[in-house]
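Report on the structure given below.
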Amino acid sequence: MAKIDQELKREEKLAKLKEKGINIFPKNYSKTHSVSDVIREFRNLTLEDLEKNEINLRVPGRIIAIRKMGGASFFHISDGEEKLQGYIRKDMISPEYWELFYLLDIGDIVGIEGKLFRTRTGEMTVLLSSLTFLSKSLHPLPEKWHGLQDVELRYRKRYLDLIVNPEVRKVFEIRSQIIKVIRDFFDRRGYIEVETPMMHPIPGGAIARPFKTYHSALDMELFLRIAPELYLKRLIVGGYEKVYEINRNFRNEGVSFEHNPEFTMLEFYEAYSDYTAYMKLTEELIVELAEKVLGKHEVVFDGNKIEIKLPFKRIPFSDLIERFTGISKKILESEDELTEKAKMICSKEKASKIKTYGKALDALFDEFAKKRLVEPTFVIDFPKELSPLAKSLEDNPRYTERFELVIGGMEVANAFSELNDPVEQRMRLIQQSKLKEKGEEEVHEIDEDFVEALEWGMPPTAGEGIGIDRLVMLFTDRTNIKEVILFPLLRPK
């Protein structure tokens, strides 16, 4: 690709700097403050205060604006959060630094040293006594007023996105805060954080197509995990009562606004608990996140102002299907009739993927019910066909003690009273494996080691998974999951 004029000029300046023997890429810089430190620490000092108390600073930052005006010039440096003005005068600085200043470009990283004062307009400014090159930018930044607008370029060059779009940095700062609050929430309640394998000999814990890999030394095929569930349950069998894990899952399936092949999940399990207790725990977690991260009990997502207040609604799965599709509960429980009905009323794309009763149920919920649930809602009591790892309802074994938390039309959490009967668990996994004969690709595999672990005795247990990426979407009003993942997976150029 041909270099543009600005890039050629920057390379010429780089050559001149090297000719002068200037180290353009030093190994460090001894600073007294960051740009944000200066703004926070001295923002309340008046012009008179600064004149009376001489404050000398050494501050690094990236140049984001330059106004060259003959014998005196202004410029701004930024640390990505705040900006600080620099002022350089030819008659108050050495010829070396003055010449150096004229080799600067927007995007260069510099260290400035000098006295802090306020201009007549009141802006905090550093009067330069010295200037240090810290890094030369060989490319011009995107035009100042329009930022970086090309969505695909923003994802491919996230570093550039972070430089020129401060609101993007804020998204990932909120993401970090969310994870910190989550850890504190579970640590206070006596949970321990654990790590389980990322490579599994048998894919399990969720219904999804896995990524395959191969271990040469062991001569065995492995799968990147689609969920940590079965290993976390093994820990409950082993005697841990409360565990949680925040880590990556990988699913070899379609990409959409809510799905990325690599994503971050929180999963947590508690012995001697059930899904009703976990509804209460989940409410407490979401409310605490809103309070501590946003400082309020509401979020704005996809044009909707959503109140995060207790209690959240609780609606059975079958009631929602009946309400939004008109399909009676009698038909809902008739496998063949329901499957054909779903193929008739679902979109062409979804209908083409309906090969089993379970897929029909899932398609109906996804297309007709989920998007209509804007306020925080627990969808409870899912059919057994959609929940092979969940305990059945005692009064109606066709349904299970499972809930999904939906907010803003998006699934945020999924939880069960965990099935701990090894005989029934093996039977359900066998039934799942038979669905392959009907053309279903995504099924639970039979993990005999996991079933054997259950045979040693797992106490009554509640388990839940929460999508961290979707939580961040909700809390930052981003409707595309790529906006909350620093480096989302993209097709090659």
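The values are calculated or read from the model by the stated rules, or taken from the named source; none is laboratory data. As the structure is a prediction and not an experimental result, all values here were calculated from the model. Methodologically, a virtual Cβ is constructed for each residue, glycine included, from the backbone with ideal geometry; neighbour enumeration extends over all protein chains shown. Surface areas here come from the heavy atoms of the whole protein model, side chains and all, with no ligands, DNA or RNA. Shrake-Rupley method; radii C 1.70, N 1.55, O 1.52, S 1.80 Å.
Things worth noting here:
- Taken over segment 259-276, the criterion of being surrounded by 14 or more Cβ atoms within 10 Å (Cβ to Cβ) and more than 20 Å from the chain's Cα centre (by Cα) is satisfied by 269, 270, 271, 273, 274, 275, 276.
- Output for segment 343-378, where each listed residue is modelled with pLDDT of 95 or more, over 23 Å from residue 274 (Cα atoms), in contact with a helix residue (DSSP H, G or I) (Cβ under 6 Å, 6 or more places away or on another chain) and among the aromatic types (Phe, Trp, Tyr): 368
- Flag if residue 25 is under 35 Å from the mean Cα position of the chain (by Cα), under 22 Å from residue 159 (Cβ atoms) and of a type in the set (Phe, Trp, Tyr): yes
A quick yes/no check of all residues on (1) more than 23 Å from residue 85 (Cα to Cα); (2) outside any helix (DSSP H, G or I); (3) at pLDDT below 90:
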| site | (1), (2), (3) |
| --- | --- |
| 3 | yes, yes, yes |
| 9 | yes, no, no |
| 15 | yes, no, no |
| 18 | yes, no, no |
| 28 | no, yes, no |
| 33 | no, yes, no |
| 37 | no, no, no |
| 45 | no, yes, no |
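Residue by residue, here is whether (1) in contact with a His (Cβ under 9 Å, 6 or more places away or on another chain); (2) under 22 Å from residue 136 (Cα atoms) holds:
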site	(1), (2)
17	no, yes
28	no, yes
41	yes, no
59	yes, yes
62	no, yes
87	no, yes
91	no, no
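- Taking the criterion of being touching a helix residue (DSSP H, G or I) at 6+ places or on another chain (Cβ under 6 Å) and farther than 14 Å from residue 63 by Cα, the only residue of segment 95-114 that qualifies is 98.
- From the list 361, 389, the one residue that fits, being closer than 28 Å to residue 450 by Cβ, under 27 Å from the mean Cα position of the chain (by Cα) and crowded, with 19+ Cβ neighbours inside 10 Å, is 389.
- Any pair with Cβ under 8 angstrom, 6 or more apart, that starts in segment 118-143 at a residue that is without any contact (Cβ under 8 Å) to a residue 40 or more places away in the chain and ends at one that is among the aromatic types (Phe, Trp, Tyr): 119/87; 130/97
- Which numbered condition residue 232 misses (of (1) among the aliphatic types (A, V, I, L, M); (2) closer than 22 Å to residue 457 by Cα; (3) more than 27 Å from the chain's Cα centre (by Cα)): (3)
- Within segment 240-284, tally of residues that are in contact with an Asp or Glu (Cβ under 9 Å, 6 or more places away or on another chain), more than 13 Å from residue 464 (Cα to Cα) and of a type outside the set (Asp, Glu): 11
- Restricting 207, 192 to those that are at pLDDT below 90, open to solvent by 30 Å² or more (accessible area, probe 1.4 Å) and under 30 Å from residue 457 (Cβ atoms) reduces the list to 207.
- With respect to the conditions (1) of a type outside the set (Ser, Thr, Tyr); (2) farther than 30 Å from residue 168 by Cα; (3) open to solvent by 100 Å² or more (accessible area, probe 1.4 Å), residue 44 lacks only one, and its number is (2).
- Within segment 315-336, the set of residues being over 25 Å from residue 405 (Cβ atoms) and basic (Lys, Arg) comprises just one member, 330.
- Subset of segment 262-283 (residues that are out of contact with any Leu (no Cβ under 7 Å at 6 or more places or on another chain), in contact (Cβ under 8 Å) with a residue 60 or more places away in the chain and of a type in the set (D, E, K, R)): 270, 274
- Residue in segment 238-246 that is closer than 25 Å to residue 420 by Cα, aromatic (Phe, Trp, Tyr) and without any contact (Cβ under 8 Å) to a residue 60 or more places away in the chain present: yes
- Scoring residue 23 on the criteria (1) over 18 Å from residue 132 (Cα atoms); (2) open to solvent by 50 Å² or more (accessible area, probe 1.4 Å); (3) of a type in the set (S, T, N, Q) leaves a single failure, condition (1).
- From the list 310, 320, the lone residue that is in contact (Cβ under 8 Å) with a residue 24 or more places away in the chain and either closer than 26 Å to residue 480 by Cβ or part of a helix (DSSP H, G or I) (or both) is 320.
- Residue 331 being under 30 Å from residue 435 (Cα atoms), part of a helix (DSSP H, G or I), of a type in the set (A, V, I, L, M) and open to solvent by 10 Å² or more (accessible area, probe 1.4 Å): yes
- For residue 73: the one exception among (1) without any contact (Cβ under 8 Å) to a residue 60 or more places away in the chain; (2) part of a strand (DSSP E or B); (3) closer than 23 Å to residue 163 by Cα; (4) of a type outside the set (Lys, Arg): (3)
- Output for segment 446-467, where each listed residue is open to solvent by 70 Å² or more (accessible area, probe 1.4 Å), touching a Pro at 6+ places or on another chain (Cβ under 8 Å) and within 20 Å of residue 243 (Cα to Cα): none
- Beta carbons closer than 7 Å, at least 6 apart along the sequence or on distinct chains, pair a first residue in segment 471-493 that is at positive phi with a second that is among the hydrophobic types (A, V, I, L, M, F, W, C) and not in a loop (DSSP other than H, G, I, E, B) for 477/300; 477/301.
- Selection of helices (runs of 4 or more DSSP H) fully inside segment 379-493 by the criterion of at least 1 residues being modelled with pLDDT of 95 or more, within 30 Å of residue 300 (Cβ to Cβ) and of a type in the set (S, T, N, Q) returns 468-476.
- Of the set (1) in contact with a Pro (Cβ under 9 Å, 6 or more places away or on another chain); (2) open to solvent by 10 Å² or more (accessible area, probe 1.4 Å), all apply to residue 401 but (1).
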